[in-house]
Every structure is written in structure tokens, then in C-alpha cells.
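Have a look at the structure below before the remarks.
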Amino acid sequence: MIPTGFARGCWVALIGVQLAWFGWWSPSEVLGYWPALLLATVPLLLPLPWILRLSPAALVVGGMILLLHFSVAVSEAWADPVVRPLALLQIALIVVYFLALPAFGRHRRSDPGGGADR
């Protein structure tokens with residue numbers, strides 16, 4: 001089983017992948033540099049403080065955000081050989097994020113204090 005902290009690490013790594021992908025490796029020709037970079041990173045930055053604290057609601061919202069990023073990564077990995085390495089890295093990070101979430105649910109249920117921070 002993948003430890004819960006991997007979800008946090010994957011989220012931060014995904015921000016780095018987005019910055020590398022849209023900021024350096026393959027900036028969007030259609031949208032332009034800054035709009036594409038903002039569209040790729042701002043949705044990941046909004047829940048970042050809560051994901052770093054592993055808030056259950058933020059992890060669920062983060063999963064919904066990552067579904068869109070996963071779809072984009074799969075389509076880009078299939079269609080564009082230039083960005084295929086970054087797209088495959090992004091797919092791997094998203095899969096690890098989702099595989100780490102069940103460990104969080106088990107950890108919260110096994111806590112006799114109801115999961116409240118002390």
C-alpha cells in the first residue's frame with residue numbers, strides 16, 4: 001500500500017511538471033505562454049494549502065481536478081511525441097496520487113479520536 005504522504009508529494013511534483021511542460025518544454029502556441037501556464041497551474045495551486053495538510057475534502061477536490069489533468073496527459077502522450085515523457089510522468093504521478101487515497105481513508109477510520117488533530 002502506498003503511504004498517504006505520497007499524495008502530497010505527487011501534488012507538488014505535478015505543479016513542477018506543469019511548470020516544466022507549459023513554461024519551458026512545450027509552451028502552447030494556440031493559447032500563448034502565460035494563459036496556458038496559468039490554466040495548467042492555478043487549479044493545482046488553489047487547494048495546495050489544504051492538500052499539504054491532507055484535508056479529506058481537499059483530497060477529493062484535488063482528485064476531481066486531476067481527472068482533467070489526467071485526460072489531457074493521456075491525449076498528449078498519445079498524440080505528441082515531443083511532450084510524451086512529461087505526459088507519461090504526469091500520468092504516473094496522478095495514478096500514485098489516487099492509489100495513496102485509500103490509505104488515507106483507512107488511517108482516518110482507524111483513529112480512535114475520530115481523526116481530529118490534537
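The values are calculated or read from the model by the stated rules, or taken from the named source; none is laboratory data. Since this is a predicted model, take the numbers as computed values, not measurements. No Cβ is skipped: glycine too gets one built from the backbone with ideal geometry, and neighbour counts run over all protein chains shown. With ligands, DNA and RNA removed, areas are computed over all heavy atoms of the protein, side chains included. Shrake-Rupley method; radii C 1.70, N 1.55, O 1.52, S 1.80 Å.
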(Q) Being open to solvent by less than 40 Å² (accessible area, probe 1.4 Å), under 15 Å from ALA100 (Cα atoms) and of a type outside the set (A, V, I, L, M, F, W, C) is the filter here; which residues of the stretch 42-57 pass it? (A) SER55
Q.
Restricting to the stretch 5-18, and then to whatever is under 11 Å from LEU52 (Cα atoms) and not charged (D, E, K, R), can you tell me which residue is surrounded by the most Cβ atoms within 10 Å (Cβ to Cβ)?
A. CYS10
Q: Check whether at least one residue in the stretch 77-87 is surrounded by 12 or more Cβ atoms within 10 Å (Cβ to Cβ), part of a helix (DSSP H, G or I), touching a Lys or Arg at 6+ places or on another chain (Cβ under 6 Å) and not polar (S, T, N, Q), and report yes or no.
A: yes
Q: Select from the stretch 54-75 the residues that are within 12 Å of GLN18 (Cβ to Cβ) and more than 12 Å from the chain's Cα centre (by Cα) and list them in ascending order.
A: VAL72
Q: Could you list all residues from the stretch 21-37 that are loosely packed, with under 14 Cβ neighbours inside 10 Å and assigned to a helix (DSSP H, G or I)?
A: TRP24, TRP25, TYR33, TRP34, PRO35
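Scan the stretch 52-64 and tell me whether some residue there is without any contact (Cβ under 8 Å) to a residue 60 or more places away in the chain, assigned to a helix (DSSP H, G or I) and of a type in the set (D, E, K, R).
no
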(Q) Can you tell me which residue is modelled with the lowest pLDDT among those in the stretch 88-118 that are charged (D, E, K, R) and assigned to a helix (DSSP H, G or I)? (A) ARG109
